[in-house]
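The values are calculated or read from the model by the stated rules, or taken from the named source; none is laboratory data. Predicted model, so just to flag it, every value in this text is computed and none were measured. Don't worry about glycine lacking a Cβ; one is built from the backbone with ideal geometry, like all the others, and counts go over all protein chains shown. These accessible areas exclude ligands, DNA and RNA; they are computed on the full protein's heavy atoms, side chains included. Shrake-Rupley method; radii C 1.70, N 1.55, O 1.52, S 1.80 Å.
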Amino acid sequence: MPVLRSFTGRIEAKDQALLSSKISGFVTGVLVQEGAGIVKGDRLIAIDNRETTGRVESLISSLDEAQKEKDALSAQLAYAEATFRRTSNLLKEQAATKDEYDRAQADYDSKKRSVQAAAAREKSIASLLEEARALSSYTEVRAPFDGVVTKRFVDGGAFCTAGSPLMALDNTAAGYWFESDVDESLLPVLKAGEKVFVEIPSVNLAMQATLSILIPRIDTGTRTFTVKCDVANDRVHSGMNGRLYLPSDDAQKVLIPAGAIVLRGEMTAVYRVADGGSVHFQLIKTGGVFREKEMDGQTLYFASDSL
């Protein structure tokens, strides 16, 4: 018979997200509760946007002033450039002095530097405005995918700082893993792609699964390593407990039903029927205890600590 080793495990979503705040402010609304299903783009949390809105409006005003200032300076630059070119031509014709030429050139250079400075200021304000508008969009936290809310870390009225967690989500469309920590002795023999068995008692689910990921890092405390099995079933949810059954080996065993064992004091026996039909009280010595499982049409056995 094929003998299995069993290990406890749990269902985990393949794709999880921990949403954090990018700005500081008071939470003005929590729009979904834990356990709620969500669709990509849904509003989840609202954060007070008065500060960011005020900053955007202030920068829009500053940008308008900077653009007007640059336009005015550009007009002055155009006049200074025309004056400089005219003075340069007059100097060639000896109709202007070198002093007049130097003053025209200095004024032209000064106006050009002023326009360059105004353009740089306009660009800086535009960049700050773009950043402020981006921050303003962070006052509404939206769902990055279809899924379910698994944890909420804030309530309405709470003050959140930049980087603080707001909500945890599972992407239901991405599927689930069954994760289990198994004995380190199995690391040399287990291979990705092997067929194993997973049982989730809470939803009465027993199925064959694929051993997809082995993480070859031994926990020094438990002497185990983590494996992940691909579970394609819409009845499971994150956090469900279950068992993973790994084929150990084929073994020759003499199996008898537990109900057939008779205990008399410290004696263990069974009633044996002889060829002639007579019944005998037969002392036996039991070995391991096994449980029988039907999974995907197969009869499997796994070692158990007790009956």
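Measure nothing fancy, just the Cα-based angle from helix 50-92's long axis to the longest principal axis of the chain, in degrees from 0 to 90, nearest 10. With both axes taken from Cα atoms, the answer is about 40 degrees. When the GluC sites (Glu not before Pro) in region 32-74 are filtered for DSSP coil states and for at most 13 other beta-carbon atoms within 10 Å of their beta-carbon, the remaining sites are E34. Axis of helix 98-137 versus longest Cα principal axis of the chain: the two differ by about 30°, to the nearest ten degrees. Candidate cross-link partners of K98 among the lysines, defined by an alpha-carbon separation under 26 Å and a same-chain spacing of 8 or more, comprise K111, K112. With a Förster radius of 25 Å applied to the C-beta separation of N233 and Q33, the computed FRET efficiency comes to 0.50. Annotation for S212 and A120: the two label points, set 7 Å from Cα along the Cα-Cβ direction, are 5.4 nm apart. For region 1-49, the solvent-accessible area with a 1.4 angstrom probe is 49 square angstrom per residue.
Computed over the chain, relative contact order equals 29 percent, with contacts defined as Cα pairs under 8 Å that lie 6+ residues apart. The distance between label points at A251 and R133 comes to 7.0 nm (points 7 Å beyond Cα on the Cα→Cβ vector).
As a calculated quantity, the FRET efficiency between F159 and A17 at R0 = 25 Å, using C-beta atoms, amounts to about 0.65. Hydrodynamic analysis of the chain uses the Kirkwood radius over alpha carbon pairs. Inserted into Stokes-Einstein at 4 °C and 1.567 mPa s, it gives a translational diffusion coefficient of 47 µm²/s.
When the solvent-accessible area of region 79-182 is split by element, carbon and sulfur atoms take up 50 percent of it, the probe being 1.4 Å. Full extension of the segment from R85 to T299, taken as 0.36 nm per residue of separation minus the current Cα-Cα distance, would add 67.1 nm. On the basis of the beta-carbon distance and an R0 of 35 Å, T97 and Q67 show a calculated FRET efficiency of 0.40.
Take every DSSP beta bridge whose two residues both sit in the chain; close to 95 percent of them are antiparallel. Taking all protein chains into account, the per residue accessible area for region 151-233 stands at 48 Å² (1.4 Å probe). Backbone N atoms of region 107-138 closer than 19 Å to the 7 Å Cα→Cβ label point of S58 belong to residues 121-138.
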